[in-house]
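K.L.:
Mind having a look at this structure? Questions to follow.
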Amino acid sequence: MNSLTSSISVALCNRKGLHTRAAGKLVAVASQYDSSLKVNFNGRSADGHSIINLLTLGAPVNSVLELVACGDDAEPLLKAIHQLIASGFDEQEETS
């Protein structure tokens with residue numbers, strides 16, 4: 001069995017960056033795959049399967065994250081996470 005490692009960089013385009021709800025959605029998607037996921041930002045690394053770890057990155061809007069997946073389904077995992085982030089985490093615009 002081959003273990004693949006793949007990586008991509010993606011910019012946070014939602015209004016609030018990597019906040020609690022966005023991190024929760026990222027973890028929910030990552031949990032559907034067997035591969036490990038590391039999220040790197042500003043010299044720090046977080047486990048992509050942990051909301052708390054992701055929040056410690058403090059990544060604001062327009063930050064560029066490096067996503068590194070390792071495992072047999074690494075590429076589909078990265079594609080799914082990229083789609084989630086590119087969609088702005090499916091967040092609705094708040095009106096106030």
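Each value in this text was obtained by applying a stated rule to the coordinates, not by laboratory testing. Note that the structure is predicted; figures quoted are calculated from it, not measured. Positions of Cβ are backbone-derived with ideal geometry, glycine not excepted, and every protein chain shown enters the neighbour counts.
K.L.:
Criterion first (in contact with an Asp or Glu (Cβ under 8 Å, 6 or more places away or on another chain) and in contact (Cβ under 8 Å) with a residue 24 or more places away in the chain) does LEU84 satisfy it? Walk me through it before giving the result.
P.N.:
On the way: in contact with an Asp or Glu (Cβ under 8 Å, 6 or more places away or on another chain): yes; in contact (Cβ under 8 Å) with a residue 24 or more places away in the chain: yes.
Criteria met by LEU84.
K.L.:
Going residue by residue through region 29-36, is there one that turns out to be in contact with a Gly (Cβ under 9 Å, 6 or more places away or on another chain), over 19 Å from SER87 (Cα atoms), of a type in the set (A, V, I, L, M, F, W, C) and in contact (Cβ under 8 Å) with a residue 24 or more places away in the chain?
P.N.:
no
K.L.:
Can you find, within region 1-40, the residue that is surrounded by the most Cβ atoms within 10 Å (Cβ to Cβ) among those that are touching a helix residue (DSSP H, G or I) at 6+ places or on another chain (Cβ under 6 Å), under 17 Å from VAL68 (Cα atoms) and polar (S, T, N, Q)?
P.N.:
Here the answer is SER35.
K.L.:
Scan region 57-96 for residues that are surrounded by 15 or more Cβ atoms within 10 Å (Cβ to Cβ) and part of a strand (DSSP E or B) and jot them down.
P.N.:
LEU65, LEU67, VAL68, ALA69, CYS70, GLY71
K.L.:
If you check LEU54 against the conditions, is it part of a strand (DSSP E or B) and within 12 Å of the chain's Cα centre (by Cα)?
P.N.:
No: the conditions fail for LEU54.
K.L.:
Check region 41-52 and report whether any residue there is in contact with a Cys (Cβ under 9 Å, 6 or more places away or on another chain), within 16 Å of SER6 (Cα to Cα) and among the charged types (D, E, K, R).
P.N.:
no
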